[in-house]
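FYI, it's all coordinate maths here, none of it is from the lab. Treat the numbers as computed from the prediction; the structure is a model and nothing was measured. Don't worry about glycine lacking a Cβ; one is built from the backbone with ideal geometry, like all the others, and counts go over all protein chains shown.
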């Protein structure tokens, strides 16, 4: 393993195509994405130091120019941006923005499929609205320590149950402006999920250009990490922990994971629709955030409303 300091962060948002884009970028010979894709270091392991981060998540780095981290929680946890600034010189960032209502719904069903969430979505949203004013802002090191303690002791299920972070990742402009204030406008690339879905190779090459790399053609641009049933998720989680699984080439693991997920999800996945009243509430809630993002990017987002 070569000594490597990560220099690129695919910040999020979660359920907006970050797994797919990370996979597409990793096919470039000068890109190495962390293993696993979402290291918890800046959120929960920061006290272990950068050497731990490097040797744990970049141990197979082989001199690639770009070493990337794609932990989506970095986007909406304010304390992470300051930690990155204190640890890494001049990193580059990319953010994928998806219709925030659709992103929230996808995130909810993702948590349900993994057994982290058992509450009806109406209860979840009511709780999240309350916590926006009464809960943690995750701006201070004290709040960062609380986040780390919950993750270490109770895992992702504990984070979902205690902090209910469904709404927050969709505040794209607010989150992007935080990074711009620290790192500067030119170090952040904004991508839209609908563009990635329509032409994955073009978007990937656009990001590669932002990273200073040459474009590539013939990418494997299948969509990854799509919603799965709980049965599929449990089986795939079990397979991922089997001894020696990491020695199987990434493209073969990706193909097998996708196939198993599709088969079991098609058979057992049932998703009740979002009620019109709740959808209207969410659309209205996100409207000012969407207008702020439109002003930031110069792109009309009226269709999100």
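Could you tell me the largest-minus-smallest coordinate of the C-alpha atoms of region 2-126 on each of the three principal axes, in descending order and whole angstroms?
48, 32, 25 Å, listed from the longest principal axis down.
Name the shape class, rounded, prolate or oblate, that the alpha-carbon gyration tensor gives for region 83-215, where a ≥ b ≥ c are the square roots of its eigenvalues, rounded holds for a/c under 1.5, and otherwise prolate holds if a/b is larger than b/c and oblate otherwise.
Values: a/c = 2.14, a/b = 1.41, b/c = 1.52.
Verdict is oblate for region 83-215.
Could you give the distance between the Cα centres of region 5-42 and region 95-123, to the whole Å?
21
Can you work out the FRET efficiency for the pair residue 3 and residue 86, with r the C-beta to C-beta distance and R0 = 25 Å, to the nearest 0.05?
On the way: r = 19 Å, r/R0 = 0.77.
So the FRET efficiency works out to roughly 0.85.
How would you rank 78-90, 37-49, highest first, on the average number of other Cβ atoms within 10 Å across their residues? Could the numbers behind the result be given before it?
Working: 78-90: 15.8, 37-49: 18.0.
The packing order, highest mean first, is 37-49, 78-90.
Out of every Cα-Cα pair in region 52-103, what percent are more than 15 Å apart?
Roughly 61 percent, rounded to a whole number.
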